[in-house]
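A.B. asks: Just passing along the structure, written as structure tokens.
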Amino acid sequence: MAAAATETLNFNVGVLGHIDSGKTALARALSTTASTAAFDKNPQSRERGITLDLGFSSFCLPVPEHLRPHGDYTRLQVTLVDCPGHASLIRTIIGGSQIIDLMMLVVDVTKGMQTQSAECLVIGEITCPRMVVILNKIDLLPEAKKQAAIDRMTKKMQKTLENTRFNGCPIIPVAAKPGGPDAPETETPQGISELIEVSRKVKSMQMFHKPVNTAIQGDRVGICVTQFDPKQLERGLVCAPESLRTLNAAVISVKKIPYFKGLVHTKAKFHITVGHETVMGRVTFFSPAPEDFESEPVMDCFVFDREYLYQEEYLSQAKSIGADKSLANDQAEGGQVPRQQWALLEFEKPVTCPKLCLVIGSKLDTDIHANTCRLAFHGVLLEGFEEKNYAEVSLPKLKVFKLKHKEGQVERVSDDYNVIGRSLFKKETNMQLFVGMKVKLSTGEAGVIEGGFGQSGKFKIRIPDGLTTETKQQLATSSKKKSKGGKGDTAKTDDGKSETHPTVITLAFKRYLFDPQKKMIQS
């Protein structure tokens, strides 16, 4: 005889929003079972009157019909993850958002979207596929104008969300705690039954105060360990063996958050949130080589055998790229933005995390009262470097190159196949490093640097195919005018002013960012 169905489906719902929007009151109104961390039981939370850490509570519902064919489930358990709303606790908010299946964005209906409401919306776009907007505190609206005010705020929120992944999401008015925090507990919440009806998909298992055999990421479980003092344990990670790595640096596939004002520069430091840790880290951006800008993005792995182009900043629109902007624009087909970009993150202290985990870069030192988004970029961790000396051991295999571009001028002609150049190198430059490198004249000829000429930084260039007649005439004329005027190649314009027309020598090459020898490479 088959055993009776005893399975419980667990569904994690994050409760996020601006401070004092009523998140904890909403969690309390919905819940039937509380954990030891629910409803601001922390003495510091009670003293300060704000949520300081994640709170966990739950309620149960019958299993929806569309889920019954997927298992022998007897009930649906909804676990509420109550997140802090204060700007200074965003690390905790980001950590809590990564274990939720659905986000409830709680908005004070009398105030609308506020700074942390917007930041929570950004976090939700990165971490969560579904959202419900809760317009809380409708009991504070004048009764005669209540419905009109709710309708106005609903339309305003719909307009706010129309360009996000949450366009068209449910917006539900409630009063989680009618009369405010000091009202008696006998006051009945308004709109809660309508809210519960929107719960949907589930994916994890958990029981409050009930035994369970398994637990997965996001479950709230109590673990009894014999002969162990729980005071000796800090917040950490529980995992299967070898599923986590401790990294000093990582490569991520990266996207800039459009609400972040300003540019995101290479070498800048950000607060990097990886899993449940937030550390300082330095960022270096790079993209595919220009000829691969249109390549299909690959989000689950990183290929070390390819070459990548160094970027001074994340490219969010058609901008100059590379170390030299003019050459980079030529190579990048007019400044076209690549379909995929990456970043090297170098952490100030090691972080422990799984592969392919979410990464968020923020500027948390921004004034918390400023009306601006502090979340700058997000991405997926593709490769990590565990070695402390990763810069010497691992980074050299990362083929990120800078495009270098130098210009000089032809000093004079030696013969039909040789010219003397100047102004390309400094006097103290080791000319032997550049011997054999290809250059191009502005008149069209290609040449090769043969070595230095004298002690002033001048150099010899061989032109294998020889100078054209037109080039020889132009250089001869320039030399005559130079010998007369002493100021280089000049010509008289119609108004009698001198106009300079030097023959330009261009030297272009690649230099790999992490190559210990800093070799110069030409295609």
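A.B. asks: Where in the stretch 334-417 are there strands (runs of 3 or more DSSP E), lying wholly inside it, with at least 1 residues that are touching a Phe, Trp or Tyr at 6+ places or on another chain (Cβ under 9 Å) and farther than 30 Å from ASP292 by Cα?
C.D. replies: Per the criteria, 400-415.
A.B. asks: Looking at (1) modelled with pLDDT of 70 or more; (2) surrounded by fewer than 17 Cβ atoms within 10 Å (Cβ to Cβ); (3) polar (S, T, N, Q), which is the only condition THR214 fails?
C.D. replies: Result: THR214 passes all but (1).
Each row is one residue, and each column tells you yes or no for (1) within 18 Å of ILE172 (Cα to Cα); (2) assigned to a helix (DSSP H, G or I).
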position: LEU105; (1), (2): yes, no
position: ILE126; (1), (2): no, yes
position: VAL133; (1), (2): yes, no
position: ASP139; (1), (2): yes, yes
position: LYS145; (1), (2): yes, yes
position: ILE150; (1), (2): yes, yes
position: MET153; (1), (2): yes, yes
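A.B. asks: For the stretch 162-183, enumerate the residues that are touching a strand residue (DSSP E or B) at 6+ places or on another chain (Cβ under 7 Å) and free of Cβ contacts under 8 Å to residues at least 40 places away in the same chain.
C.D. replies: Those that are touching a strand residue (DSSP E or B) at 6+ places or on another chain (Cβ under 7 Å) and free of Cβ contacts under 8 Å to residues at least 40 places away in the same chain: CYS169, PRO170, ILE171, ALA175, PRO178.
A.B. asks: Looking only at the stretch 259-290, count every residue that is free of Cβ contacts under 8 Å to residues at least 40 places away in the same chain and surrounded by fewer than 13 Cβ atoms within 10 Å (Cβ to Cβ) and tell me the total.
C.D. replies: Number of matching residues: 2.
A.B. asks: Taking the stretch 112-139 as the region of interest, how many residues are surrounded by fewer than 16 Cβ atoms within 10 Å (Cβ to Cβ) and either assigned by TED's automatic domain parsing to the domain that holds LEU381 or in contact (Cβ under 8 Å) with a residue 40 or more places away in the chain (or both)?
C.D. replies: 1
A.B. asks: Hey, another quick one. Do the conditions hold for LYS159, that is, is it in the same structural domain as LEU26 (by TED's automatic domain parsing), free of Cβ contacts under 8 Å to residues at least 12 places away in the same chain and of a type outside the set (A, V, I, L, M)?
C.D. replies: Yes, satisfied.
A.B. asks: Do the conditions hold for LYS399, that is, is it crowded, with 16+ Cβ neighbours inside 10 Å and either among the hydroxyl-bearing types (Ser, Thr, Tyr) or in contact (Cβ under 8 Å) with a residue 60 or more places away in the chain (or both)?
C.D. replies: Yes, satisfied.
A.B. asks: List the number of the failed condition for GLY436; all other conditions in (1) more than 30 Å from ASP305 (Cβ to Cβ); (2) touching a strand residue (DSSP E or B) at 6+ places or on another chain (Cβ under 7 Å); (3) without any contact (Cβ under 8 Å) to a residue 40 or more places away in the chain hold.
C.D. replies: With respect to (1) more than 30 Å from ASP305 (Cβ to Cβ); (2) touching a strand residue (DSSP E or B) at 6+ places or on another chain (Cβ under 7 Å); (3) without any contact (Cβ under 8 Å) to a residue 40 or more places away in the chain, GLY436 is out only on (1).
A.B. asks: Go through the residues of the stretch 34-56 one by one and say whether even a single one is part of a strand (DSSP E or B), at pLDDT 80 or above and crowded, with 21+ Cβ neighbours inside 10 Å.
C.D. replies: So far as the stretch 34-56 goes, yes, one or more of its residues are part of a strand (DSSP E or B), at pLDDT 80 or above and crowded, with 21+ Cβ neighbours inside 10 Å.
The values are calculated or read from the model by the stated rules, or taken from the named source; none is laboratory data. Being a predicted model, the structure only gives us computed values, none of them experimental. In this analysis, Cβ positions are derived from the backbone assuming ideal geometry, glycine residues included, and neighbour counts consider all displayed protein chains.
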